[in-house]
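The values are calculated or read from the model by the stated rules, or taken from the named source; none is laboratory data. Predicted, not measured: the structure shown is a model, and the values here were computed from it. Note that each Cβ is placed from the backbone with ideal geometry, even for glycine, and that neighbours are counted across all protein chains shown. Protein only, heavy atoms only, side chains kept; ligands, DNA and RNA dropped before computing areas. Shrake-Rupley method; radii C 1.70, N 1.55, O 1.52, S 1.80 Å.
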Amino acid sequence: MIVKPKGTHDIYGEEMKRWQYVSRVVDEVMDRYNYGMIRTPIFESTELFHRGVGDTTDIVSKETYDFIDRGERNMTLRPEGTAGVVRSFIENKMYGEATQPVKLYYNGTMYRYERPQSGRDRELTQFGVEVLGSSDPAIDAEVISVAVNIFKLLGLKGVKVKVNSLGDTESRNNYRDALIKHFEPRISELCPDCQERLKKNPLRILDCKFDAEHELIKNAPVMLDYLNEDSRNRFLDVQNYLDVLDIEYEVDPKIVRGLDYYSHTVFEIEATVKDFGANNVLAGGGRYDTMVGNLGGPDTPGIGFACGIGRLVTALEKEEVDLPINNQLDAFVLYVNNTEKEYAMALTQDLRLNGFKVETEYMERGLKGQFKQADRLNAKFLIILNDEDLVAGEIQVKDNMTKETTMVKEAEIDDYLDLNLR
């Protein structure tokens, strides 16, 4: 038997309905905030992720699915969404559009070759937001509010933002020097990855999962102490706008995020979820003001976040959030003989085209078996066909909840269902 690859899942049935509901809520919120949906390729040039995400990140250095296509081109299955959106922004010259900033969102699959564990898969689905063209601290607050409001609308409790600033280039360089000075004398005490990060990007040491409890990391210098005046004032503006939007947050200097392209605002959004352990983070993101320029476009500020839908659905399940998913069938059409079957198929088609959720029999069950199937599918009405009624131009309709039966004229069946399903 062929089985699915490690770190992937089959999603169907009730679980898929929860996924679809979450996606619908995302679509509705994005529409209110005036974000347009974008779809980018699942695979892109490997260079895009090395230049956009950064060679020192674990995603690029260890976790990408890379392959050479038949044209001898180096390709990579996308491990995250931002780089592809930025590439599209540049390639399609969105920076020239009159309606700035460009506000986009995506919902699609990503691929990372990492050790599968709860909440971390090799194939994952993320939705995310990207705003390009504005450096206004107010847009930082708006982007954060998008994720917060989605989580609250879905019914999660204890939604909270943790926010930090990585500052501008000058601030980051000063902080980088302080980290090297702090870690270098005792770097041998940390894991091999951290020893390598000291040379390439010492901020990544702070994001190490293996040595997170080591005193060197716990007592490391704090980024906020190295912000220059402009960066500090900008961060205060972001906090002010979060207050204006009534977004609960706390400043957490330990947040650096795992990708190289961030500057200024970085954030994580969590919710109180039982059995999630210490890490209740559901979304994270930040500002990436240099990425467009690094990928060959005009210098353009940007900010965004990403959220894993699988992890979000799991959080909703653990919190036993009752999503308003409609599992009821409007009607089930029952028949006995072939003449009635042909009519049942035509009637089912007509009702579906008029907006009703309808099913009929395809397994050659007898009438008793069809009644049971209608119950299994939670049908509100049973449309029971027989030749004599059809000759008289009538259809028997039974309310499967009250068990009341009504004879309805053929031409009025749509109106009858519409009236009684409101």
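Examine region 62-80 for a residue that is outside any helix (DSSP H, G or I), at pLDDT below 90, over 18 Å from the mean Cα position of the chain (by Cα) and surrounded by 12 or more Cβ atoms within 10 Å (Cβ to Cβ), and state whether such a residue exists.
Yes, region 62-80 contains at least one residue that is outside any helix (DSSP H, G or I), at pLDDT below 90, over 18 Å from the mean Cα position of the chain (by Cα) and surrounded by 12 or more Cβ atoms within 10 Å (Cβ to Cβ).
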Exercise. Would you mention how many residues in region 185-219 are assigned to a loop (DSSP other than H, G, I, E, B), under 33 Å from the mean Cα position of the chain (by Cα) and under 21 Å from Val251 (Cβ atoms)?
Key: 1
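Take the residues of region 37-50 that are touching a helix residue (DSSP H, G or I) at 6+ places or on another chain (Cβ under 8 Å) and not polar (S, T, N, Q): which is modelled with the lowest pLDDT?
Step by step, filter region 37-50, then rank; the result is His50.
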Quiz item: Taking interchain pairs and intrachain pairs at least six residues apart, which have beta carbon atoms under 6 angstrom, with the first residue in region 142-160 and open to solvent by 10 Å² or more (accessible area, probe 1.4 Å) and the second part of a helix (DSSP H, G or I) and not hydrophobic (A, V, I, L, M, F, W, C)?
Solution: Val159/Lys152
Exercise. Write out, first by first residue and then by second, each pair whose Cβ atoms fall under 7 Å of each other, whose residues are 6+ apart or on separate chains, and whose first residue, in region 380-398, is within 15 Å of Asp415 (Cα to Cα) while the second is small (Gly, Ala, Ser) and surrounded by 20 or more Cβ atoms within 10 Å (Cβ to Cβ).
Key: Phe381/Ala331; Ile383/Ala331
Quiz item: Is one or more of the residues making up region 165-181 assigned to a loop (DSSP other than H, G, I, E, B) and crowded, with 18+ Cβ neighbours inside 10 Å?
Solution: yes
Quiz item: Of Glu270, Glu213, which residue is touching a residue at least 24 places away in the same chain (Cβ under 8 Å) and either surrounded by fewer than 17 Cβ atoms within 10 Å (Cβ to Cβ) or touching a strand residue (DSSP E or B) at 6+ places or on another chain (Cβ under 7 Å) (or both)?
Solution: Glu270
Self-check item: Candidate set: region 364-413, residues that are assigned to a helix (DSSP H, G or I), within 16 Å of Leu351 (Cβ to Cβ) and touching a Phe, Trp or Tyr at 6+ places or on another chain (Cβ under 8 Å); chosen: the one modelled with the lowest pLDDT
Solution: Leu390
Quiz item: Does any residue of region 252-264 turn out to be modelled with pLDDT under 95, part of a strand (DSSP E or B) and within 23 Å of the chain's Cα centre (by Cα)?
Solution: yes
Practice problem: Kindly indicate the residue of region 120-164 that is of a type in the set (S, T, N, Q) and not in a helix (DSSP H, G or I) and also farthest from Leu242 (Cα to Cα) among those meeting that condition. | Solution: Thr125
Quiz prompt | Yes/no for Met401 being among the aliphatic types (A, V, I, L, M), open to solvent by 40 Å² or more (accessible area, probe 1.4 Å) and farther than 15 Å from Val336 by Cα | solution = yes
Quiz item: Hey, Tyr21 hits all of (1) farther than 24 Å from His9 by Cβ; (2) open to solvent by 30 Å² or more (accessible area, probe 1.4 Å); (3) at pLDDT 90 or above; (4) among the hydroxyl-bearing types (Ser, Thr, Tyr) but one; which does it fall short on?
Solution: (1)
Quiz item: Considering only region 282-312, how many residues are closer than 18 Å to Gly158 by Cβ and of a type in the set (A, V, I, L, M, F, W, C)?
Solution: 4
Practice problem: Starting from residues that are open to solvent by 20 Å² or more (accessible area, probe 1.4 Å) and either in contact with a helix residue (DSSP H, G or I) (Cβ under 8 Å, 6 or more places away or on another chain) or among the acidic types (Asp, Glu) (or both), keep the ones in region 105-117 and report whichever is modelled with the lowest pLDDT. | Solution: Glu114
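Restricting the search to region 172-192, which residues are of a type in the set (A, V, I, L, M) and more than 27 Å from Glu229 (Cβ to Cβ)?
Ile187, Leu190 - these are the residues of region 172-192 that are of a type in the set (A, V, I, L, M) and more than 27 Å from Glu229 (Cβ to Cβ).
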Quiz item: Out of Ala346, Ala374, which single residue is within 21 Å of Met407 (Cα to Cα), hydrophobic (A, V, I, L, M, F, W, C) and over 39 Å from the mean Cα position of the chain (by Cα)?
Solution: Ala346
Exercise. Would you be able to say whether some residue in region 304-318 is under 30 Å from Val163 (Cβ atoms) and open to solvent by 60 Å² or more (accessible area, probe 1.4 Å)?
Key: yes
Exercise. Filter region 329-365 for residues that are surrounded by fewer than 13 Cβ atoms within 10 Å (Cβ to Cβ), free of Cβ contacts under 8 Å to residues at least 24 places away in the same chain and either in contact with a helix residue (DSSP H, G or I) (Cβ under 8 Å, 6 or more places away or on another chain) or basic (Lys, Arg) (or both) and give the result.
Key: Met363
Exercise. Among residues belonging to region 225-246 that are buried (at least 18 other Cβ atoms within 10 Å of the Cβ) and more than 28 Å from the chain's Cα centre (by Cα), point out the one that is modelled with the lowest pLDDT.
Key: Tyr226
Practice problem: Those residues that are open to solvent by 50 Å² or more (accessible area, probe 1.4 Å) and in contact with a strand residue (DSSP E or B) (Cβ under 7 Å, 6 or more places away or on another chain), I need them from region 247-259; list them, please. | Solution: Glu248, Tyr249, Glu250, Val251, Arg257
